[in-house]
Amino acid sequence: MNRTIRARIHESAVRRVTRIYAATLADIFAETLQNSRRAGAARVRISVSAPADRLEQTATGNTPLTVTIADDGMGIADPAVLLSFGQNGWDDALVRREDAAGFGFASLARRNCAVSSRPRSSDGEIALGWRVEMEPSHFLGEAEAEVQVHDDAPYPYGTAISFQATEAAAAIRAAAEAAARHYPLPVIFEDRTDGDAAPEQLPRRAFLDGAVHAERWRGLVFGVFRNRRDGYRDPDLSFFGLTLTVGLPTVETVHGATWTVLADMDDCPDLELVLPARKEAVENAFLREVRAAARLVIYRAMAADPSPRPAFEDWSRARDAGIEMTPPPAVLRPWRPSIANVDDWRDPPKLAPVGKDALVMDCETEPPEDQALWRAAERDGAAPRLFEADRRLDGYGWYDRLDRATGIAVVVTLDGKVHALDDAPLPERTGPAAVELPPRPEAVCIQLAVRAADGPADALALPADVAFAGEAWSWLHDALPLVTADSALQPHQLAALLRNGFFSPSDDAGADSYETQLGRFDEDALHLATRLLLSDDDACRQSLADAVRRELMWLAPEGRAVDIRIRRPDVTVTLGGAGAAR
């Protein structure tokens, strides 16, 4: 067994070469344009044409179009390099700089194609041009492709590649535009399927266009953007116009801008991309260094901003790297109660300075208890003291010195006895028309557990006139509003609290529309509130009036009074005193 072995490519691998690429237009344009750039081209021309007689049809019934990509680069001296996968004709410096793999031409393996080229002569003479037509069998090594002299090869030098496409001309143009968007050379597009269309240069934009700060680093150019709109997994690195995502960092600030960074390739052989398509980066130590360096570039851009508002973690990292950033000011968002309808988006309150008596709401609460707490805090004058917690500020001295509300508890007084809300003897409601209503307690108190920054634990007791027992995120039918006997709360006010605390619309396919669900909820909530605060008779009158407004109002004649009398099973309707009708 004393022997040596050496890596080799088995011939069976050639028979799978058509699987290296998906042969999409994006693959073909990306690889072909990169080869034109490496060949020293000054511009690239893409043209689309249809067969002269348009009689040739594909299996799908579409007329195949011919796409031709031509450049004025150095041309190809040896046609054999086209089918020598892993070999390329580039000089050693370019191979080292770009890790050229020699597999790009395989992007055409699934399509019939033709290559015509005329190499650039070193002595200034015009070289012979050549042409070769290839099918998938040639890429798979099953047949030999014949190279012929071709007088119409690009002149005085260059390469032209043609292939058949079943995609529509508009799709071809869209793919070409995407490939040309950040490509460093001008790309001319010509749609010859429309006789009136003139050649035009496809739009280009520098990958780092719009950056507020730029730095070079080990062969890359970083560009920092402030509040750049991007989507999930958007490309953040450009390999000479071929864009991919490598996971460069984003820095979220505290109530401020979002900072992102992109990288453009200059001369960075240490950055390894997965070959041959270069659609992702190799996860290695250098890529981690790239991300760390990109974060520091963002910090330096933030340091130049007059109000960077960094999170404490970012501020600390920057300081450790010798980058001084201004810490955020002592402002927070005032606390507001949550609501059960998570899709009801509302503008957050504006930032406000925090005073010495500020209380940070650092506890988990549910919408019903939030609604009761907010009403109690407003009645007690404590509402301006309450601010939202923000974990990103943990570590800053001014924030750490603020008192924290770490828990909430509710106690009710029933029949002279004080009970924790969860232990109070309360009935269970079984529906909106349940006979038994929650009792009216003598008193309600909401207690916030307070952790003082520089003292012992304390509590803030807020007298309240309403609390909600039972489970949060339940149906209105299960809600148990406890309103004190001396409360001045009106039915419509309690109904609004019930909506904010419990209304969460269903998005099931069989559910009614949002408006219908909300209307029914509001009616049921007002019925419950009226029964509890006034009487069953008042609630009945209110519900009947709501039903008439909802279902019958459109039937009432304009400008005439309508009197409705119901005595089961009879219904009597009088129109403007003119008589009775069934």
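The values are calculated or read from the model by the stated rules, or taken from the named source; none is laboratory data. Bear in mind the structure is a predicted one, so any value in this text is a computation, not a measurement. Every residue, glycine as well, gets a Cβ built from its backbone with ideal geometry; the counts of neighbours run over all protein chains shown. With ligands, DNA and RNA removed, areas are computed over all heavy atoms of the protein, side chains included. Shrake-Rupley method; radii C 1.70, N 1.55, O 1.52, S 1.80 Å.
When the residues of segment 286-308 are filtered to those that are out of contact with any helix residue (DSSP H, G or I) (no Cβ under 9 Å at 6 or more places or on another chain), outside any helix (DSSP H, G or I) and not hydroxyl-bearing (S, T, Y), the one that is most open to solvent (accessible area, probe 1.4 Å) is P306. If I filter segment 547-576 down to residues being open to solvent by 80 Å² or more (accessible area, probe 1.4 Å) and assigned to a loop (DSSP other than H, G, I, E, B), which single residue comes out as modelled with the lowest pLDDT? That would be G559.
The residues in segment 220-246 that are touching a strand residue (DSSP E or B) at 6+ places or on another chain (Cβ under 8 Å) and outside any loop (DSSP other than H, G, I, E, B) can be counted, and the count is 12. Scanning segment 123-161 for residues that are part of a strand (DSSP E or B) and either open to solvent by 30 Å² or more (accessible area, probe 1.4 Å) or out of contact with any strand residue (DSSP E or B) (no Cβ under 9 Å at 6 or more places or on another chain) (or both) yields I126, R131, E133, V147, Q148, V149. Of the residues making up segment 500-520, those that are in a helix (DSSP H, G or I) and either out of contact with any helix residue (DSSP H, G or I) (no Cβ under 6 Å at 6 or more places or on another chain) or without any contact (Cβ under 8 Å) to a residue 24 or more places away in the chain (or both) are Y514, E515, T516, Q517, L518, G519, R520. Among the residues of segment 301-319, is any without any contact (Cβ under 8 Å) to a residue 12 or more places away in the chain and hydrophobic (A, V, I, L, M, F, W, C)? No, segment 301-319 contains no residue that is without any contact (Cβ under 8 Å) to a residue 12 or more places away in the chain and hydrophobic (A, V, I, L, M, F, W, C). Scanning segment 253-285 for residues that are surrounded by fewer than 16 Cβ atoms within 10 Å (Cβ to Cβ), in contact (Cβ under 8 Å) with a residue 60 or more places away in the chain and within 30 Å of L332 (Cβ to Cβ) yields nothing.
Among the residues of this structure, R120 does not count as one that is touching a residue at least 40 places away in the same chain (Cβ under 8 Å), open to solvent by 30 Å² or more (accessible area, probe 1.4 Å) and in contact with a helix residue (DSSP H, G or I) (Cβ under 7 Å, 6 or more places away or on another chain). For segment 463-487, what are the residues that are assigned to a strand (DSSP E or B) and surrounded by 15 or more Cβ atoms within 10 Å (Cβ to Cβ)? Correct list: A464, V466, A467, F468, A469, L480, P481, L482, V483. Scanning segment 209-249 for residues that are of a type in the set (S, T, Y) and touching a residue at least 40 places away in the same chain (Cβ under 8 Å), which turns out nearest to R97 (Cα to Cα)? Selected residue: S238.
The criterion of being surrounded by fewer than 17 Cβ atoms within 10 Å (Cβ to Cβ), within 17 Å of F468 (Cβ to Cβ) and of a type in the set (A, V, I, L, M, F, W, C) does not hold for A511. K417 meets the conditions (1) touching a helix residue (DSSP H, G or I) at 6+ places or on another chain (Cβ under 8 Å); (2) at negative phi in every case but one. The failed one is (1).
A372 meets each of the listed conditions (1) open to solvent by 20 Å² or more (accessible area, probe 1.4 Å); (2) in contact (Cβ under 8 Å) with a residue 40 or more places away in the chain apart from (1). Out of curiosity, is L526 closer than 28 Å to R336 by Cβ and part of a loop (DSSP other than H, G, I, E, B)? Here the answer is no, as L526 does not meet what is asked. Within segment 101-114, at least one residue is in contact (Cβ under 8 Å) with a residue 40 or more places away in the chain, among the hydroxyl-bearing types (S, T, Y) and either buried (at least 16 other Cβ atoms within 10 Å of the Cβ) or over 30 Å from L273 (Cβ atoms) (or both). Residue count for segment 213-244, restricted to those that are open to solvent by 30 Å² or more (accessible area, probe 1.4 Å) and under 17 Å from A293 (Cα atoms): 6.
Within segment 31-52, does at least one residue satisfy the condition of being on the phi < 0 side of the Ramachandran plot and at pLDDT below 85? Checked against the condition, which is being on the phi < 0 side of the Ramachandran plot and at pLDDT below 85, segment 31-52 yields at least one hit. Selection over segment 258-282 of residues that are under 25 Å from the mean Cα position of the chain (by Cα), modelled with pLDDT under 95 and not small (G, A, S) gives a count of 4.
If only residues of segment 338-369 that are acidic (D, E) and either over 29 Å from the mean Cα position of the chain (by Cα) or open to solvent by less than 20 Å² (accessible area, probe 1.4 Å) (or both) are counted, the one that is modelled with the lowest pLDDT is D357. With the condition kept exactly as written, say whether any residue in segment 442-450 is assigned to a loop (DSSP other than H, G, I, E, B) and more than 21 Å from D522 (Cβ to Cβ). Yes; the residues of segment 442-450 include at least one that is assigned to a loop (DSSP other than H, G, I, E, B) and more than 21 Å from D522 (Cβ to Cβ).
Among the numbered conditions (1) buried (at least 19 other Cβ atoms within 10 Å of the Cβ); (2) of a type in the set (D, E, K, R); (3) within 29 Å of the chain's Cα centre (by Cα); (4) closer than 28 Å to A169 by Cα, the only one that R205 does not meet is (1). The single condition from (1) open to solvent by 20 Å² or more (accessible area, probe 1.4 Å); (2) at pLDDT 85 or above; (3) within 38 Å of the chain's Cα centre (by Cα) that L25 fails is (1). Within segment 203-214, can one find any residue that is among the hydrophobic types (A, V, I, L, M, F, W, C), more than 25 Å from Y21 (Cβ to Cβ) and assigned to a strand (DSSP E or B)? So far as segment 203-214 goes, yes, one or more of its residues are among the hydrophobic types (A, V, I, L, M, F, W, C), more than 25 Å from Y21 (Cβ to Cβ) and assigned to a strand (DSSP E or B).
Scanning segment 177-202 for residues that are open to solvent by less than 80 Å² (accessible area, probe 1.4 Å), closer than 27 Å to L248 by Cβ and either assigned to a strand (DSSP E or B) or not aromatic (F, W, Y) (or both) turns up E177, A178, A179, A180, H182, P184, L185, V187, L202.
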